[in-house]
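Structure first, commentary second.
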Amino acid sequence: MRPVRAQQIVELGGPSSLKLVDLPEPGPEHMLAPDGGVVVEVKAAGVSFPEVLQSRGEYQFKPPLPFVPGAEVAGVVRSAPDGADVQPGDRVAAMSMLGGFAEVAVAPPWLTFKLPEPLDFAQGAGLVLNYHTAWFCLKLRGRLEEGEWVLVHGAAGGVGTAALQVAAGLGARTIAIVSSDEKEKVAREAGADEVLRSDGPWKDQAKEVSGGGVGLVVDPVGGDRFTDSLRSLREEGRVVVVGFTGGSIPEVKVNRLLLNNTSVVGAGWGAYVTTKPELSRQIAGELDRMIADGTVRPIVGARFPLARAAEAMRLIDERGAIGKVVLDVPG
Ligand SMILES: NC(=O)c1ccc[n+]([C@@H]2O[C@H](COP(=O)([O-])OP(=O)(O)OC[C@H]3O[C@@H](n4cnc5c(N)ncnc54)[C@H](OP(=O)(O)O)[C@@H]3O)[C@@H](O)[C@H]2O)c1
């Protein structure tokens with residue numbers, strides 16, 4: 001069997017700790033799939049914040065060294081276990097969790113989805129993590145209703161652009177918060193109804209735009225903007241906590257929640273769906289509908305060949321990512 005080209009994290013020194021190696025082709029074993037996973041010939045691999053954190057040993061999931069990072073891929077199915085919804089030859093998007101920065105990866109069957117026709121492999125590599133998370137945050141955890149206003153922090157990033165599109169698909173109106181002109185352009189491309197600057201008076205502007213306060217805040221950034229997120233809510237509004245790219249984990253004075261009848265809701269997609277394959281099927285179905293009507297189109301901001309994965313991770317690390325960062329994997 002031909003060896004498989006892959007990027008390995010060999011030490012915990014940040015993005016430059018990646019090393020291009022040849023490894024034996026993986027079998028169908030996957031840590032989350034006791035009956036075997038789907039083996040995928042990878043065409044594109046998604047790069048995200050967790051891989052950057054993993055390269056420093058700062059992510060909650062710490063595999064022993066050396067390991068191949070890469071939580072999500074798009075490609076073509078080589079083999080699938082009995083009962084899987086996909087079969088050899090299908091174009092798919094899949095959560096491999098690990099091992100995606102390689103020519104061949106393995107994913108659990110319930111996190112492997114047929115890639116809808118309008119999407120190419122690069123878009124497919126940005127579909128599962130961000131868009132399933134977006135639907136989970138907005139609908140399941142955030143209880144979003146049609147016609148509500150949603151404010152999205154980090155709106156030009158991977159989760160942010162996905163949240164803007166899925167919110168629109170759920171009939172909501174959106175306010176994007178971004179830090180630069182370039183990111184404003186991307187948020188508009190992702191369909192934001194309004195775009196505001198993170199270094200401006202966004203809380204007051206959001207209240208004005210929404211006629212008194214937004215129903216939902218989607219927050220992948222955290223840090224010191226959290227109190228203003230709470231202040232931007234209308235009565236019975238919710239802030240959904242998604243991540244902490246800003247670096248610090250905010251604390252909430254709970255009297256604010258009492259005084260204004262608001263809520264803070266945690267949203268951890270991966271841990272929640274791992275034991276609920278039916279839910280993942282449902283989310284994929286909802287997203288397929290939004291892909292078919294054109295509302296959902298993953299925005300691929302930067303592409304690098306597999307051999308330059310460290311540059312892709314550095315772009316995210318330095319706050320330069322726009323939409324999804326993708327590795328093109330040669331066959
Ligand atoms: N809870 C879940 O289930 C779940 C699922 C997926 C991802 N996540 C988490 O969500 C977060 C966002 O992921 P992503 O893929 O959207 O990341 P991303 O594409 O890099 O976007 C993150 C955004 O955060 C903003 N930001 C503010 N301060 C920053 C800083 N110091 N460094 C970097 N970015 C900063 C940036 O927007 P501006 O420059 O415009 O401020 C940036 O566009 C990550 O923490 C990730 O782990 C959570």
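Do we find a residue being at positive phi and either among the charged types (D, E, K, R) or buried (at least 18 other Cβ atoms within 10 Å of the Cβ) (or both) anywhere in segment 91-108? Checked segment 91-108: at least one residue is at positive phi and either among the charged types (D, E, K, R) or buried (at least 18 other Cβ atoms within 10 Å of the Cβ) (or both). Scanning segment 132-144 for residues that are within 20 Å of residue 292 (Cβ to Cβ) and either modelled with pLDDT under 95 or more than 10 Å from the ligand (Cβ to nearest atom) (or both) returns 135, 138, 139.
Considering segment 287-306, and only residues there that are surrounded by fewer than 17 Cβ atoms within 10 Å (Cβ to Cβ) and more than 23 Å from residue 321 (Cα to Cα), the residue that is nearest to the chain's Cα centre (by Cα) turns out to be 288. Here residue 173 meets the list (1) of a type outside the set (Gly, Ala, Ser); (2) surrounded by fewer than 21 Cβ atoms within 10 Å (Cβ to Cβ); (3) in contact with a helix residue (DSSP H, G or I) (Cβ under 7 Å, 6 or more places away or on another chain) almost entirely, failing just condition (3).
Please report, ordered by residue number, the helices (runs of 4 or more DSSP H) entirely within segment 198-274 with at least 3 residues that are in contact (Cβ under 8 Å) with a residue 40 or more places away in the chain and within 13 Å of the ligand (Cβ to nearest atom). Once the helices (runs of 4 or more DSSP H) in segment 198-274 are filtered for at least 3 residues that are in contact (Cβ under 8 Å) with a residue 40 or more places away in the chain and within 13 Å of the ligand (Cβ to nearest atom), what remains is 269-273. Considering only residues in segment 192-231 that are within 20 Å of residue 249 (Cα to Cα) and crowded, with 24+ Cβ neighbours inside 10 Å, the one that is farthest from the chain's Cα centre (by Cα) turns out to be 229. A single entry from 93, 172 fulfils the requirement of being of a type outside the set (S, T, N, Q) and farther than 25 Å from residue 195 by Cβ: 93.
For segment 10-110, the strands (runs of 3 or more DSSP E) that sit wholly inside it and include 1 or more residues that are closer than 25 Å to residue 246 by Cα and out of contact with any helix residue (DSSP H, G or I) (no Cβ under 6 Å at 6 or more places or on another chain) are 38-47.
Rundown of residues vs (1) of a type outside the set (Gly, Ala, Ser); (2) at positive phi; (3) in contact (Cβ under 8 Å) with a residue 12 or more places away in the chain; (4) out of contact with any strand residue (DSSP E or B) (no Cβ under 7 Å at 6 or more places or on another chain), yes/no style:
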position	(1), (2), (3), (4)
123	yes, no, yes, no
129	yes, no, yes, no
135	yes, no, yes, yes
139	yes, no, yes, yes
142	no, no, yes, no
153	yes, no, yes, no
167	no, no, yes, no
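Against the test of being modelled with pLDDT of 95 or more, open to solvent by 10 Å² or more (accessible area, probe 1.4 Å) and within 9 Å of the ligand (Cβ to nearest atom), the options 147, 154 yield a single qualifying residue, 154.
The values are calculated or read from the model by the stated rules, or taken from the named source; none is laboratory data. These numbers were taken from a predicted model, which means no experiment stands behind them. A quick note on method: Cβ atoms are made from the backbone with ideal geometry, for glycine too, and the neighbour counts reach across all protein chains shown. We work out accessible area using only protein heavy atoms, side chains counted, and drop any ligands, DNA or RNA first. Shrake-Rupley method; radii C 1.70, N 1.55, O 1.52, S 1.80 Å.
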